[in-house]
Amino acid sequence: MQSVVVTGATGFIGKRLCEVLENRGCDVKRIIRNSESQYKPGKCVAIGGMDGNTNWTKLVAGYGCVVHLAARVHVMANVSRKSQDKYWQTNVSGTLRLAHQAVAVGVQRFVYMSSIKVNGETTYEEPFRPEDDTAPVDFYGQSKHLAEKGLQEIAAETGLEVVIIRPPLVYGPEVKANFLRLLKWVHNGVPLPFGAVDNKRSFVYVDNLTDFIIKCVVHPAAAGETFLVSDGVDLSTSELIQKLAFYMNYSARLIPVPIGLLRLSARALGRTAQFERLCGSLQVDISKAERLLDWHPPVAMDMGLKNTVSWYLRKNV
């Protein structure tokens, strides 16, 4: 039986991962930030904050693998020096402190949830690949990149089996942030000016990502590798909206505003980053995961979108 420590266990990904691991018979310790009554004592431990001073030793001793999901998440408004320091304290110092203490007590494998933002923000003719030069733009992506580099140094020095995963946008039941906002727009019949957008973006359904994380926990060939993961199907923003509307049994209210006009409007409003996320392309190549780990997304994207819409409608109708 696998013994796994999961940090960020109450998060969108962590909650689902812990459920699946336990259903598969694994011994799972859930690490959370604050005490929450719905979790059983002994299997769930609150640590408060996470930085270079956090004491992980007793929490990870006796476990074979750590899946590190906890992080200071991306917030577009965080552009000050103070916010940069917070990303570094949590995502870099906190991660490396955990890895050092984990290897010291005998943990063999460390699966790190990074981000496609390490590769960059936009693709053009070719999708991102794990071996591409890195080009993180914002503090979040830069902090993830520095954590990756630090983990690789620890692996080289100690033999810790580090596995790095860089997902694009993750969706599924209980999704938040931008994807939830898009669901609300479609459900409320908001006219959306993306009818002429012909970009391509990769996404990953939460159950597909969970399945891939578990593959990285157990597969011998995953050690020391970096992977990109997605549903294996890329959609334009307009195609995504059409699919969401279809599963809501609505008509998509898409207006074909020329892309140049959208770009100019976004620039004038100071929303260039939001424009790129909605209108730019960001594709990932998952062939390494398929080839090296014999992994293929178990849930088709259409089913993932249907499940997500069904959850949203149950909560909002």
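The values are calculated or read from the model by the stated rules, or taken from the named source; none is laboratory data. In this text the structure is predicted, and so the values were computed from the model without any measurement. Glycine also receives a Cβ, built like all others from the backbone with ideal geometry; neighbour counts cover every protein chain displayed.
Among the residues of segment 274-292, those that are in a helix (DSSP H, G or I), within 16 Å of Leu182 (Cβ to Cβ) and either among the hydrophobic types (A, V, I, L, M, F, W, C) or free of Cβ contacts under 8 Å to residues at least 40 places away in the same chain (or both) comprise Phe275, Leu278, Cys279. Quick check on my filter: what residues within segment 98-124 are buried (at least 19 other Cβ atoms within 10 Å of the Cβ), in contact with an Asp or Glu (Cβ under 8 Å, 6 or more places away or on another chain) and not small (Gly, Ala, Ser)? Matches in segment 98-124: Arg109, Phe110, Tyr112, Lys117, Val118, Asn119. Looking across segment 125-137, just one residue is farther than 24 Å from Lys82 by Cα, in contact with an Asp or Glu (Cβ under 6 Å, 6 or more places away or on another chain) and either among the hydrophobic types (A, V, I, L, M, F, W, C) or surrounded by fewer than 20 Cβ atoms within 10 Å (Cβ to Cβ) (or both), and that is Arg129. For Leu151, the test of being in contact (Cβ under 8 Å) with a residue 24 or more places away in the chain, buried (at least 16 other Cβ atoms within 10 Å of the Cβ) and over 18 Å from Trp88 (Cβ atoms) is failed. Modelled with pLDDT of 90 or more and hydrophobic (A, V, I, L, M, F, W, C): is that true of Ala61 in this structure? So Ala61 passes the test.
When Ala71, Ala77 are checked against the criterion of being assigned to a loop (DSSP other than H, G, I, E, B), modelled with pLDDT under 95 and either farther than 30 Å from Asp285 by Cβ or among the β-branched types (Val, Ile, Thr) (or both), a single residue qualifies: Ala77.
How many residues are free of Cβ contacts under 8 Å to residues at least 12 places away in the same chain and either more than 22 Å from Met303 (Cα to Cα) or β-branched (Val, Ile, Thr) (or both) when one looks only at segment 247-261?
To start, the set of residues in segment 247-261 that are free of Cβ contacts under 8 Å to residues at least 12 places away in the same chain comprises 249, 251, 260-261.
Within this subset, residues satisfying the condition of being either more than 22 Å from Met303 (Cα to Cα) or β-branched (Val, Ile, Thr) (or both) are 260-261.
Residues meeting the conditions: 2.
Here Tyr140 passes the criteria (1) crowded, with 19+ Cβ neighbours inside 10 Å; (2) on the phi < 0 side of the Ramachandran plot; (3) modelled with pLDDT of 95 or more except the one numbered (3).
What are the residues in segment 202-233 that are touching an Asp or Glu at 6+ places or on another chain (Cβ under 9 Å), β-branched (Val, Ile, Thr) and over 19 Å from Gly304 (Cβ atoms), if any? Within segment 202-233, Thr226 is the sole residue that qualifies. Looking only at segment 13-48, which residues are exposed (fewer than 11 other Cβ atoms within 10 Å of the Cβ) and at pLDDT below 85? Of everything in segment 13-48, those that are exposed (fewer than 11 other Cβ atoms within 10 Å of the Cβ) and at pLDDT below 85 turn out to be Asn34, Ser37, Gln38, Lys40, Pro41, Gly42, Gly48.
Could you count how many residues in segment 274-289 are modelled with pLDDT of 95 or more and surrounded by 14 or more Cβ atoms within 10 Å (Cβ to Cβ)?
So in segment 274-289, the residues modelled with pLDDT of 95 or more come out as 281-289.
Subsequent filtering for residues that are surrounded by 14 or more Cβ atoms within 10 Å (Cβ to Cβ) retains 281-286, 288-289.
Qualifying residue count for the region: 8.
Could you go through segment 86-97 and let me know if any residue there is surrounded by fewer than 24 Cβ atoms within 10 Å (Cβ to Cβ) and assigned to a loop (DSSP other than H, G, I, E, B). Checking segment 86-97: not a single residue is surrounded by fewer than 24 Cβ atoms within 10 Å (Cβ to Cβ) and assigned to a loop (DSSP other than H, G, I, E, B).
For Trp295, the conditions (1) outside any loop (DSSP other than H, G, I, E, B); (2) touching a His at 6+ places or on another chain (Cβ under 9 Å) all hold with the exception of (1).
Considering (1) farther than 20 Å from Val284 by Cα; (2) without any contact (Cβ under 8 Å) to a residue 24 or more places away in the chain, say which one Thr134 fails and leave the rest. Of (1) farther than 20 Å from Val284 by Cα; (2) without any contact (Cβ under 8 Å) to a residue 24 or more places away in the chain, only one is false for Thr134: (1).
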